[in-house]
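The values are calculated or read from the model by the stated rules, or taken from the named source; none is laboratory data. Keep in mind that what you see is a predicted model, and the values were worked out from it rather than measured. Cβ placement follows ideal geometry from the backbone for every residue including glycine, while neighbour counts extend to all protein chains displayed.
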Amino acid sequence: MTRKKFNRFFVVAGLVLLLLGLVLFVTGMSLAGWDFNELSTTVYRQETYTANQSVTSLEISYNNADVRLLGDEQAKSVHVSYPVCTDRVTNAQTKVTVTEEDGTLRIQEEARLVLVSWQLSTPVLTVTVPASELKTLHVVTKNGNIDAGDLVLSGDAAFETKNGEIRAARLHSAALTMQTDAGAIRMEDIVCANLKAETDLGDITLAGTLEADSAEFSTDLGDLELSDGIIDADGVSLSSQMGDIRAVLRGTQQDYSADITWEMGNTNLYPYQSGEKRITIRSSLGDIDVSFAG
């Protein structure tokens, strides 16, 4: 293990221990009846908005919110429920703008100045859309989870959060990008042209089937647990610095050629040349287990 990776391991281990200590402290104080929400100067209220026209592109940019995107066959138009933050001390209110222009619906929360912000729960922004209305979708939240389900897009979809999980289920799109700095990425029954799923700290999981031309999965610290589903793609890239890699691929082993490098850990697959489909695997510390569904 190189010095850089050795140092990274102990930095991450220290952060995990610090987080564990914080969780134990909060749990103990909560059991003793302490209400940590009283320390916060922020309160939230929910506002609603219903689109006035057909929406083909949705753009969301928020600082602090879980974002839920729901496709609904019965929905007639896009409906939004979003949180607005107010500081109880200064009465300052976060500005949230919702605009429509040429089929694009934009929801944006501006940065706010809050004296003390402490929430044990994250406010929620919910968007309900007609299941097949959207062409493109771009969601960014700095702190919060992103959950998208039952959506059919003719264009690209992108989800990005600094601190939170990304969950996508029964989603069809062209390019699909999911990126989080700290959090898991969970997928179920995905159809897209090109997939990129990347997290610095967290697992990436798959249930059901992923159908794509190319699929790229990457985590620095976490497992690629893709064996509960099946990957059907012409090009597959799997990378984990510290964590196991498990995957099931559609087809036979002879359908693929593999480019594999690993440093520490066991593997059941080695570099070889055979079919036109490509497997690329990079692992520094962890086991590799790849099987084929035939």
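State all residues of the stretch 150-186 that are closer than 21 Å to Val16 by Cα and in contact with a Cys (Cβ under 8 Å, 6 or more places away or on another chain); if no residue qualifies, say none.
Within the stretch 150-186, none qualify.
I'd like the full set of residues that are modelled with pLDDT of 95 or more and not in a strand (DSSP E or B), limited to the stretch 78-88.
Val78
Looking at this structure, is Leu221 modelled with pLDDT of 95 or more and touching a Lys or Arg at 6+ places or on another chain (Cβ under 8 Å)? Lay out the reasoning, then the answer.
Details: modelled with pLDDT of 95 or more: yes; touching a Lys or Arg at 6+ places or on another chain (Cβ under 8 Å): no.
No.
May I ask you to list pairs of residues, at least six apart or on different chains, whose Cβ atoms are under 7 Å apart, with the first in the stretch 251-265 being closer than 23 Å to Gly229 by Cα and the second being surrounded by 13 or more Cβ atoms within 10 Å (Cβ to Cβ) and aromatic (Phe, Trp, Tyr)?
Gly251/Phe292; Thr252/Phe292; Gln253/Phe292; Ser257/Tyr272; Ala258/Tyr272
Residue by residue, here is whether (1) touching a Gly at 6+ places or on another chain (Cβ under 6 Å); (2) within 20 Å of Ser54 (Cα to Cα); (3) in a loop (DSSP other than H, G, I, E, B); (4) in contact (Cβ under 8 Å) with a residue 12 or more places away in the chain holds:
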site	(1), (2), (3), (4)
Asn91	no, no, yes, no
Leu134	no, yes, yes, yes
Ser154	no, yes, yes, yes
Glu160	no, no, no, yes
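What about Glu188, is it under 30 Å from Thr104 (Cα atoms), part of a strand (DSSP E or B), touching a residue at least 40 places away in the same chain (Cβ under 8 Å) and of a type in the set (Asp, Glu)? Please lay out each step first, then the result.
Working: under 30 Å from Thr104 (Cα atoms): yes; part of a strand (DSSP E or B): yes; touching a residue at least 40 places away in the same chain (Cβ under 8 Å): yes; of a type in the set (Asp, Glu): yes.
Yes: the conditions hold for Glu188.
Of these, Glu216, Glu225, Glu263, which one is touching a strand residue (DSSP E or B) at 6+ places or on another chain (Cβ under 9 Å) and surrounded by fewer than 16 Cβ atoms within 10 Å (Cβ to Cβ)?
After ruling out the rest, the residue left standing is Glu263.
When only residues in the stretch 32-61 that are at pLDDT below 95 and touching an Asp or Glu at 6+ places or on another chain (Cβ under 7 Å) count, which is farthest from Val129 (Cα to Cα)?
Restricting to residues being at pLDDT below 95 and touching an Asp or Glu at 6+ places or on another chain (Cβ under 7 Å), the top hit is Thr41.
I need the full set of residues from the stretch 197-211 which are farther than 15 Å from Glu165 by Cα and surrounded by fewer than 21 Cβ atoms within 10 Å (Cβ to Cβ), in order please. So that I can check it myself, show each step before the final result.
Pass one, the stretch 197-211, residues farther than 15 Å from Glu165 by Cα: 207-211.
Passing the criteria: Ala207, Gly208, Thr209, Glu211.
Go over the candidates Ala75, Ala111 one by one and state the one that is at pLDDT 85 or above, out of contact with any Phe, Trp or Tyr (no Cβ under 9 Å at 6 or more places or on another chain) and not in a strand (DSSP E or B).
Testing whether each residue is at pLDDT 85 or above, out of contact with any Phe, Trp or Tyr (no Cβ under 9 Å at 6 or more places or on another chain) and not in a strand (DSSP E or B) leaves just Ala75.
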